[in-house]
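Just so you know, all these numbers are worked out from the coordinates, no wet-lab data involved. Fair warning: this is a prediction, and the values are worked out from it, not measured in the lab. Cβ coordinates were reconstructed from backbone atoms using ideal geometry, including for glycine residues, and neighbour counts include every protein chain displayed.
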Amino acid sequence: MKRSIRPDAVLVQAVIAGALSFAHLHDLAQAAGQTGWKAWAYPISVDLLLVAAWRRLRAQRSRLAWCWFLVALVASLGANIATAGFLDMEHPPALLRLGVAGWPALAFLGGTLLAHQHTDPTPDPAPAPAVEPDPISRPVVDVDRSETPEPAPEIPEPEPVPALPKAAVSVPPALIDHARKVATEHRARTGAEIDASTLRARLGVPEDLAGAIVAQLA
């Protein structure tokens, strides 16, 4: 079965645009003093640098690739504009001759840097999650629970432990004598016996010690 060849409009347009740009670059190089095969090598160098930078941009977006892509694009556009009547091709300026003469070294530098630029390594694909095996089904054993279990025996509560009697508080004799004087003074002033709270406030002693002193004074 024969297939008919259908021309692609985009491809035809690209071929025409490339041929015109190629011719403009050749004419500009020839006007700048490059004759013979050298005039044809200039458009090849510009277009190859443009394609190399574009391929590097598709693989990795880097500033270096963008820089050389713009350099090649400016060189191609500049040649197209210069050959459109804006420049005297019979008497080109010295800057044009300088730029054309220095282009091979610039293109060689750009191509070398693009060729030796490190690209990011392709990340390893994520490992597939491990498939867990289905658990082995075990037979379910029916247990007959018709019988009522016997109640657990009640545990008797432990009897409370009787509190230990408090040890008698020992009162120094010197403190007894001082408390007796305070009690006598209190009786002379008020006509009543001193109680434990008053004696505690006068002597500055704990409450149990004040009670023991009052018990000995009674």
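Once you have the Cα-Cα distance between A192 and E159, take 0.36 nm times their residue separation minus that, and quote the gain in nm to one decimal.
Working: separation 33, 0.36 × 33 = 11.88 nm, distance 4.59 nm.
Value of the extension gain: 7.3 nm.
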Please compute the modelled spin-label separation between L11 and S170, points set 7 Å along Cα→Cβ, answer in nm with one decimal. 12.1 nm
For D195, other-chain or 5+-apart residues with amide H closer than 5 Å (H placed, Pro excluded) are none
Label-point gap, in nm, between H178 and A23 - each point 7 angstrom along Cα→Cβ: 12.9 nm
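Please give the contour-minus-distance gain from W54 to T35: 0.36 nm per residue of separation, less the Cα-Cα distance, rounded to one decimal in nm. Could you put the intermediate results ahead of the total?
Working: separation 19, 0.36 × 19 = 6.84 nm, distance 2.92 nm.
Length gained, W54 through T35: 3.9 nm.
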